[in-house]
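The values are calculated or read from the model by the stated rules, or taken from the named source; none is laboratory data. All figures in this text were calculated on a predicted structure; none of them were measured in a lab. As a convention, Cβ positions derive from the backbone with ideal geometry for all residues, glycine included, and neighbour counts pool all protein chains shown.
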Amino acid sequence: MDKVSKGVRLENVSKIYTDPKTGKDFKAVDSISLDIAPGSFVTLLGPSGCGKTTTLRMIAGFESPDEGEVYLGEQAINALTPDKRDTAMVFQSYALFPHYNVFDNVAYGLKLRGVGKEEIKNRVHAILDLVELEGMDARMTNQLSGGQQQRVALARALVVEPSVLLFDEPLSNLDAKLRVSMRTEIRKIQQKVGITAIYVTHDQSEAMSLSDQIIIMNKGVIAQIGTPQDIYYHPSSEFVADFIGEVSFLKGVVRDTRDNKNIIAVGASELAVPAYQHLENGKDCTLVLRPEALSVADEGALPCEIVLSTFMGHYQNYHVTVDGALVKVTVFNPKNKKIYKAGEKAYLAVENDSIHVL
Amino acid sequence: MSRSKSAQLDRKKLFADPILVSTIVLLLVFLILFIVYPLFVLLIDSVYVKGEGFSMETFRRILDMDRFRKAFSNTLVLGGITGILSTVIGLLFAYVDCYMKVRSKVLKRLFDVVSVLPVVSPPFVLSLSAIMLFGRSGIITRTILHIYDANIYGLNGIVIVQTLTFFPVCYLMLKGLLKNIDPSLEEAARDMGASRWKVFTTVTLPLLLPGLGNAFLVTFIEAVADFANPMLIGGSYDTLATTIYLQVTGALDTTGAAAMSCVLLSLTMVLFLLQKYYLERKTASTLTGKASRERMLITDKSVTRPLTIFCAAVAAFVVMMYIMIPFGALFKLWGRNYSLTLKWFKYVFDYGGMNAFKSSVVLSLIAAPITAILSMIIAYLVVKKKFRSKWFIEFVSILAMAVPGTVLGVGFIRGYSGGLFRTGLLQGLYGTGAILVIVFIVRSLPVGTRSGIAALRQIDKSIEESAYDLGANSGRVFMTVTLPLIKDSFFSGLVTAFVRSITAISAIILLVTPQFVLITCKINEFAEKGSFGVACAYATILIAIVYAAILLMNLFMRFFGTSKKITEVE
Ligand SMILES: Nc1ncnc2c1ncn2[C@@H]1O[C@H](COP(=O)(O)OP(=O)(O)OP(=O)(O)O)[C@@H](O)[C@H]1O
Ligand SMILES: [Mg+2]
């Protein structure tokens, strides 16, 4: 593909809907701003109803924003209809044309662009090769498996060489195994053609494994934008921390900052945590603890009591209380380690480097 | 918070699509000119007296007419009785169909036939055969029972004929609802010790109540709007529809007819709105769930036997009434001389019959494709598009269903005989074949639109969105994606429109000119005169044409249909 892909920018974009029950207007998307670099793979992640689909459909042109402006590259596209926008969408339901066979489905967009017969043939076959569907071009779409249909949908979007590819939960109709292999497939193809992709999902592992950037949304606003690592290790709020992966929270008070460390008091104990941001002395704070960064030991920073201890095979799962708060701990490869039982008293061992403070 | 910006953008996008905009504009013009305007003119005519301005004089005048007052109460009585009888018989049929083991294939087939007959049946047909069966020279009354002064004309006659015509509509509606009642509800009641009758009265019936009301109102409206049957078999029992007709053709008083039309229109309109926006919603809310399992069918002979026998008898009777028609055309003199002859057919073709067939077929053939395309476009806009005047398009094209044909006919006379608002504009339309075609279209549009909407709601909206997204404008999307996906619905709409047009009578009987004689008008003319042989000959050929159209449709669906392929994808 010789086409340069374009970035997407949203500036303070809002969408107002009327709640059909109460008749009241509400902001399904509330003044969000995004800047998506050309060629990058970005996922919109968030709980159901947070406005992901609405955002995507505003980029595609199916919904019109009530505030703000959508840009494709440098061009403002608010007033363009979907057919005039250089985007191509892959739908959750695949949305293949049931009255066309695979070839005609993929060729549809090319025919609209007035591409010559011979070239259509070549380009369709090239794309079908890319998505590994060679030889299936004469099949009707209902003679394909779910994964194959998904790939036809992808091919149909790719073949028109859009500036941006949009995906709305494209894999949610597939079984778990196929989902995993299709997502690597999608990522591979996206990187090969170097196209900008915006991908809506509520599956965090999908977001983690695919994205250059993840945009976490909540109730119509952006909660955080960042790389998967950023978001996992340095969540900006309890919502984000809780939404991605397992997490426990401990309340503490900032005592002091020295040697690039924040000293934080939790109950009667103190922890020295790397200072990523400036924290005021005496302020309340929240510690974000990932279970895999913790373990239970005979000595450590924080005294705790075991409430639950479950053998899970490749790890031991503990629930402990620290200063009254519940903390989850996973200890991997528990075979030769000491196993604590519920009711025992022990200490929570913390890798101080892996603690994030809010 | 305001949604004005998105609304403005949506409008901008809409106007960026010239095909869409011009389609909407054309549609609006069509609907306003040919549905809203004629009805509006009726209202103006009845409250505005030239030289005097606004006045209720015309209404006062018709209210003073005994004839009108009688017709009004007659209409209500007729609608009520026909409505109740049709609903009850329809319910029995639906109940037998859904709850009882009907082993006989013949009976099943009979049920199917009966359920499609009213859709395709030309008007008059049942009246004609009722007269030939029970009239003064009726086979049953005169030949078998030797009653020489039998009188089928009047309320009894109309009620019998209308009930037999309309109960299948109730049957189909109620069958749909009964299928949706979850059998476990009834089983639960049964389990707690309720008898079968108790279950019916305490569970099934209450769940069905809004649906029954719905069916009653639909038949009531049909019965009240019916023109052909009261005309033929009503005798001196005049209804509003026939009185309006006589006011135009006999008393030559179109203003009075306009006022009467307003009364009839208000009646059907109010009932239709009640049905559409209250009962239909209520039905949907009480019966939302799909039946989770197959129902255990009733096998108890003491219940099944009388009910099935009753339904079978009714169904067989209806079918027999249709069979009477060709016989009526083949016998020398009904009631006296039952030897076979072709003289009635010969008479038809010797005296201008061919002309009538040609006009009917040609005009219907023109109207049908226009109707089918128009109703699909309306359905498409209503289901898939957002724009300001959408509610108007949907409302008007569906509401046209509640406009009695006679009322529309008077509206066209008042609205177009002197041109638009009597200005002479569009005057050329009046008295031409074009105006008949337009009336055909208006009369079939609601039915087509309704089934188009149902078909389009089945299509996942993202299929069209993806075409749009790939660069197709809305005209393109409609032609390459939507239309192929509703091909079956489109084609059956086409045939339905053809059948409805060629069998239409109530609206066009007021508008025909000698240049365009239509089959249905001929049937009316000869049946009125008592020439049943000729009337039957016309009706037989009409039935044959309709039947051929339906055969053609079935053939098409078998070989070119897409629905099957598409539903398999689901
Ligand atoms: N056409 C509409 N009219 C009114 N409200 C709507 C409409 N479409 C969406 N909404 C509401 O807007 C909010 C955001 O919807 P959206 O479809 O963007 O959510 P989502 O993040 O994609 O959720 P999911 O993960 O369930 O797909 C929801 O509360 C939804 O109910
Ligand atoms: Mg969504």
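A few points about this structure:
- Filtered by the rule that a residue be part of a loop (DSSP other than H, G, I, E, B) and within 20 Å of B:Ser501 (Cβ to Cβ), the range B:105-146 gives B:Ser121, B:Pro122, B:Pro123, B:Phe124.
- Lone qualifier among A:Met140, A:Met208, A:Met182 - being surrounded by fewer than 19 Cβ atoms within 10 Å (Cβ to Cβ) and under 23 Å from the mean Cα position of the chain (by Cα): A:Met208
- Close pairs from the range B:375-399: first assigned to a loop (DSSP other than H, G, I, E, B), partner surrounded by 15 or more Cβ atoms within 10 Å (Cβ to Cβ), Cβ under 7 Å, at least 6 apart: B:Lys386/B:Asp10; B:Phe387/B:Leu14; B:Phe387/B:Ile24; B:Ser389/B:Ile24; B:Ser389/B:Leu28
- Test: residue in the range B:180-201 that is among the β-branched types (Val, Ile, Thr) and closer than 19 Å to B:Gly83 by Cβ: no
- Meets criteria (away from chain A (no Cβ under 14 Å), in contact (Cβ under 8 Å) with a residue 40 or more places away in the chain and surrounded by fewer than 18 Cβ atoms within 10 Å (Cβ to Cβ)) for B:Arg69: no
- Residues of the range A:92-108 satisfying the condition of being part of a loop (DSSP other than H, G, I, E, B) and closer than 26 Å to A:Thr201 by Cβ: A:Gln92, A:Ser93, A:Tyr94, A:Ala95, A:Leu96, A:Phe97, A:Pro98
- Per the conditions (1) of a type in the set (Ser, Thr, Tyr); (2) more than 14 Å from chain B (Cβ to nearest Cβ); (3) surrounded by fewer than 21 Cβ atoms within 10 Å (Cβ to Cβ), the sole criterion not satisfied by A:Ser93 is (2).
- Only residues that are away from every other protein chain (no Cβ under 11 Å) and more than 9 Å from ligand 1 (Cβ to nearest atom) were counted in the range A:16-33, giving 6.
- For beta carbons closer than 9 Å, sequence separation of 6+ or different chains, a first residue in the range A:164-183 that is within 14 Å of chain B (Cβ to nearest Cβ) and among the charged types (D, E, K, R) and a second that is assigned to a loop (DSSP other than H, G, I, E, B) and within 16 Å of ligand 1 (Cβ to nearest atom), the qualifying pairs are A:Asp168/A:Phe91; A:Asp168/A:Gln92; A:Glu169/A:Phe91; A:Glu169/A:Gln92; A:Glu169/A:His202; A:Glu169/A:Asp203.
- Verdict on A:Gln191 being within 14 Å of chain B (Cβ to nearest Cβ) and over 30 Å from A:Ala325 (Cβ atoms): no
- Looking at the range B:422-481, the helices (runs of 4 or more DSSP H) lying wholly inside it that each contain 3 or more residues that are within 8 Å of chain A (Cβ to nearest Cβ) and buried (at least 18 other Cβ atoms within 10 Å of the Cβ) sit at B:461-469.
Condition check ((1) farther than 18 Å from A:Leu10 by Cα; (2) assigned to a helix (DSSP H, G or I); (3) outside the structural domain of A:Val13 (by TED's automatic domain parsing); (4) of a type in the set (Val, Ile, Thr)) across all residues:
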site	(1), (2), (3), (4)
A:Asn142	yes, yes, no, no
A:Gln148	yes, yes, no, no
A:Ala153	yes, yes, no, no
A:Ser172	yes, no, no, no
A:Lys188	yes, yes, no, no
A:Ile198	no, no, no, yes
A:Met208	yes, yes, no, no
A:Met217	no, no, no, no
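- Take the conditions (1) more than 16 Å from ligand 1 (Cβ to nearest atom); (2) within 30 Å of the chain's Cα centre (by Cα); (3) surrounded by fewer than 22 Cβ atoms within 10 Å (Cβ to Cβ); A:Glu118 misses just one of them, which is (2).
- One residue alone among A:Arg113, A:Arg139 is among the basic types (Lys, Arg), within 14 Å of another protein chain (Cβ to nearest Cβ) and within 23 Å of B:Met479 (Cβ to Cβ), and that residue is A:Arg113.
- For the range A:50-68, the tally of residues that are in contact (Cβ under 8 Å) with a residue 24 or more places away in the chain, within 11 Å of chain B (Cβ to nearest Cβ), within 16 Å of ligand 2 (Cβ to nearest atom) and not in a helix (DSSP H, G or I) stands at 1.
Listed here are the residues, each with its yes/no results for (1) surrounded by fewer than 16 Cβ atoms within 10 Å (Cβ to Cβ); (2) in a strand (DSSP E or B); (3) out of contact with any helix residue (DSSP H, G or I) (no Cβ under 9 Å at 6 or more places or on another chain).
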residue	(1), (2), (3)
A:Ile225	no, yes, no
A:Asp230	yes, no, yes
A:Val240	no, no, no
A:Leu250	no, yes, yes
A:Val254	no, yes, yes
A:Asn262	no, yes, yes
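- Residue list for the range A:166-205, restricted to those being small (Gly, Ala, Ser), more than 13 Å from ligand 1 (Cβ to nearest atom) and on the phi < 0 side of the Ramachandran plot: A:Ala176, A:Ser181, A:Ala197, A:Ser205
- Being among the hydroxyl-bearing types (Ser, Thr, Tyr), crowded, with 18+ Cβ neighbours inside 10 Å and within 15 Å of ligand 1 (Cβ to nearest atom) holds for only one residue in A:Thr55, A:Thr81, A:Thr87, and it is A:Thr55.
- Residue ID - nearest to the other protein chains (Cβ to nearest Cβ), chosen from residues in the range A:79-90 that are out of contact with any Phe, Trp or Tyr (no Cβ under 9 Å at 6 or more places or on another chain) and in a loop (DSSP other than H, G, I, E, B): A:Ala79
- Here A:Phe103 meets the list (1) within 11 Å of chain B (Cβ to nearest Cβ); (2) crowded, with 18+ Cβ neighbours inside 10 Å; (3) in contact with a helix residue (DSSP H, G or I) (Cβ under 8 Å, 6 or more places away or on another chain) almost entirely, failing just condition (1).
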